[in-house]
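Some notes on the structure that comes next.
The values are calculated or read from the model by the stated rules, or taken from the named source; none is laboratory data. Note that the structure is predicted; figures quoted are calculated from it, not measured. All Cβ positions, even for glycine, are placed from backbone atoms using ideal geometry, and neighbour counts span all protein chains on display.
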Amino acid sequence: MVERSAQGEAEVDRIRRLYDHAAGSYEQLAVYQAHYWDRARDWLGTMTRDGFTVLDVGCGPGHLTAGLPASAHVIGCDVSPEMIRRAAIARPAGRWVVHDYHQPFPAQWPLADLTVALGCLEFCSDLTQVARNLAAATKPDGRLLLTVPKQAPESPRQVIMVSPLQIPVRLRQDAEVQAALGAAGLKVIAHEAGPGFTSPEIGAVDYGYWELKVASPPPA
């Protein structure tokens, strides 16, 4: 268990409340977010083999994995209990758990052949620690697909507070992301920029799409 400050716990609670509230209408955002949802679904569809274990971190209502073959073993986690409830409806055979990715994943979970963390690392306060948790939950030579919001080179903005709950959205430069991933024992297979999200408060933010594999045991 990683000790979290009172501020960190309060931040996770605000995120939980935001997504509990948004769960009912979340999939309607597909019109605006199809560019990265479809990208992740295509990647999962290409990479998944019979019997694979897929770990969906920040799984929301299970929209990315609901269509995977029945032979795939899906484990999904999210800080929002309402999202988890909906994911269990979308794929009843999956394992759906309320979990904060800042904490290590339970040791009793099987290691994943494929791990995805899409549209959730903007809320990550310690990318190195979270990347270590993701690496530790994935098989040696397993593959990962992550999105990390990009800090524009010409912009000083690293953290943007989103109303009304004052939730920090964190933007990172590629060099910072690559250093965190490397420290976690992850090797970059492919990396490119692509559309992320747009909001009235933030404007347009691109994602860095990072395809990775577990290259070595994560440092202690």
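In the range 186-203, the residue that is nearest to S163 (Cα to Cα) out of those that are modelled with pLDDT under 95 and surrounded by 15 or more Cβ atoms within 10 Å (Cβ to Cβ) is I202.
Being of a type in the set (D, E) and in a loop (DSSP other than H, G, I, E, B) narrows it down to one residue among D42, D50, D56; which is it?
Values: D42 fails: in a loop (DSSP other than H, G, I, E, B); D56 fails: in a loop (DSSP other than H, G, I, E, B).
When all the criteria are applied, what remains is D50.
Counting only residues that are over 14 Å from the mean Cα position of the chain (by Cα), β-branched (V, I, T) and closer than 12 Å to L114 by Cβ, how many does the range 39-98 have? Adding up the residues that qualify gives 4. When you check A152 against the structure, is it farther than 25 Å from D42 by Cα and surrounded by 15 or more Cβ atoms within 10 Å (Cβ to Cβ), yes or no? Here the answer is no, as A152 does not meet what is asked. Against the condition surrounded by fewer than 18 Cβ atoms within 10 Å (Cβ to Cβ) and either closer than 24 Å to Y209 by Cα or at pLDDT below 95 (or both), how does R49 come out, does it pass? So R49 fits the description; yes. N133 passes every criterion in (1) at pLDDT 95 or above; (2) more than 13 Å from the chain's Cα centre (by Cα) apart from (2).
Go through (1) assigned to a loop (DSSP other than H, G, I, E, B); (2) touching a Cys at 6+ places or on another chain (Cβ under 9 Å); (3) within 20 Å of A135 (Cβ to Cβ) and name the single condition V74 misses. Here V74 meets the rest and fails (1). For first residues located in the range 52-67 and modelled with pLDDT of 95 or more and surrounded by 24 or more Cβ atoms within 10 Å (Cβ to Cβ), partners that are part of a loop (DSSP other than H, G, I, E, B) and among the small types (G, A, S) and lie 6+ apart or on another chain with Cβ distances below 6 Å form the pairs L55/A137. Checked against the criterion of being farther than 21 Å from R14 by Cβ and surrounded by 20 or more Cβ atoms within 10 Å (Cβ to Cβ), the candidates A180, A175 yield just one match: A180.
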